[in-house]
Amino acid sequence: MKEQKNIIIDCDTGIDDSLALMLSIISEDINLLGVSVVAGNTTVENAYYNTKRVFKLLKENDIELFSGSSKPLVKDLIIADETHADDGFGNISKEFDEEYGHIKKDFIKSEENISKKLVKYFRDKIDNNKNVILVTIGPMTNLALALKEDPNCFENVHRIVSMGGCFRVHGNTSPVAEFNYWVDPEAANYVYHNSPVKVEMVGLDVTRKIVLTEDKVEIIKKKNNKLGRFIEKITNFYMDFHLEYENIVGCVINDPLAIAHIIDDSILSGFDSFTEVSETSITRGQSVVDSQNFYKKKPNSIIFTEVDSDRFFNLFYDRIEKYGKKGGELNE
Ligand code: RIB
Ligand code: CA
């Protein structure tokens, strides 16, 4: 077996975050060292408990879970409850807890010295493990707070992969901005300007082509009924949202693409560029990609524009099927 890739995920567990966490945990290619949660799709408390639900679904009890910032650096928090539901879990949290058992209510808001705590958490994972890839699939508040506290916090990180932004396609929050970068543009801009490695931007240009449809859910249920039923339930609300707001039959599952990109780097292709994120006015959250190198600045990002969506889904199906065979009872 190929050497596992060490990753840590920073997320706002939400519906597609849940699928990204699932893909990370069930894939033998990946060693998930830790998860930090941030406010975005939902409150940081909901994100914390939703992440624990995914751990419980997969009988995963050993992954450290760090509760991060409950609000953006500067802007007021605006959550996406119309997209991810009031609980951030497609409104299935109650039904889930009845089926899988109640989640221990141990959330502690870590506002006191949160920046120092974030630096300690990130450094503990990154400095003590080989080639750690930091995957950020929510607003970048936690990363920015850590970098502001310790500019060298990520000096040993191998890669930073960010689900966020958009280059040639329209936004999903404002006409020009993707949600993660719109919620906390100051954080996103700070990370693009201060990251020691190029930020790999897995943006809407590629994620919009990853549409989970009901027939794909049926394929997943055949490969692993338990995980397939969970995916069907948690995406039901999300599919309704897509039909009503985006005229899409199915739902765009953005976050798992960032994980698949780490597992198979042939799924995405793109180019190096200088990028920054607008912080104010009607361009708030816009990832401005200097693709023509007009400003002659050193590239700080890799912008992905092409995606092999069949390759993504084949990988997604394959990891679910393999896990079901290994997991035995998980295929009930
Ligand atoms: O714009 C899509 C991104 O914003 C995804 O990460 C989704 O979970 C939300 O966080
Ligand atoms: Ca997310």
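Here are a few things to note about the model shown:
- For region 213-231 versus region 34-87, the gap between their alpha-carbon centres in whole angstrom: 24
- Dimensionless Rg over Rh [the chain; C-alpha; Kirkwood]: 0.93
- Surface listing: 84, 102 arranged by accessible area from highest to lowest gives 102, 84, probe 1.4 Å.
- Taking the centroid of alpha carbons for each part, region 142-200 and region 263-288 are 9 Å apart.
- Distance violations [Cα-Cα > 27 Å] among 75/117; 94/148; 198/322; 71/198; 75/198: 94/148; 198/322
- Surface share of carbon and sulfur [accessible, 1.4 angstrom probe, percent] for region 29-95: 43
- Stokes-Einstein diffusion for region 81-165 at 25 °C, viscosity 0.890 mPa s, with a Kirkwood radius from C-alpha pairs, works out to 160 µm²/s.
- Within the accessible surface of region 148-208, defined with a 1.4 Å probe on protein heavy atoms only, the carbon and sulfur portion equals 45 percent.
- Beta bridges by DSSP in the chain, antiparallel share as percent, to the nearest 5: 30
- Hydrodynamic radius of region 48-93 per Kirkwood, over alpha carbon pairs, in Å: 12.4
- Solvent-accessible surface of the chain, averaged per residue with a 1.4 angstrom probe and all protein chains in place: 42 square angstrom.
- Degrees, to the nearest 10: 44-57 long Cα axis against longest axis of the chain: 40
- Descending principal axes extents, region 83-230, alpha-carbon based, whole Å: 46, 43, 31
- Over region 241-332, all Cα pairs binned in 5 Å intervals from 0 give whole-percent P(r) values of 3, 11, 13, 13, 17, 17, 11, 7, 4, 3, 1, 0, listed from short to long.
- Computed log₁₀ I(q)/I(0) - Debye formula, equal Cα scatterers, no solvent, region 155-222, q 0.28 Å⁻¹: -1.20
- Rounded to the nearest 20, the Cβ-based charge dipole of the chain about its Cα centre (Lys and Arg +1, Asp and Glu -1) stands at 740 debye.
- Helix 309-327 axis, angle to the chain major axis (alpha carbon atoms, nearest 10°): 50
- From its DSSP helices (H runs of at least four residues, each -39,500 (n - 2.57)), the chain gives a residue-normalised ellipticity at 222 nm of -12500 deg cm²/dmol.
- Between helix 15-26 and the chain: long-axis angle, C-alpha atoms, 0 to 90°, nearest 10: 70
- Taking Lys and Arg as +1 and Asp and Glu as -1, the other residues whose beta-carbon sits under 15 Å from that of residue 264 total -3.
- Just so you know, the averaged projected area of the alpha carbon convex hull for region 1-100 sits at 6.6 nm².
- Charge-dipole axis of the chain as Lys and Arg at +1 and Asp and Glu at -1 on Cβ define it, positive-most pick from 171, 137, 182: 137
The values are calculated or read from the model by the stated rules, or taken from the named source; none is laboratory data. Computed from a predicted structure; not experimentally measured. Note: ideal-geometry Cβ built from the backbone for every residue, glycine included; neighbour counts use all protein chains shown. Accessible surface is based on the protein model in full, side chains and every heavy atom, while ligands, DNA and RNA are left aside. Shrake-Rupley method; radii C 1.70, N 1.55, O 1.52, S 1.80 Å.
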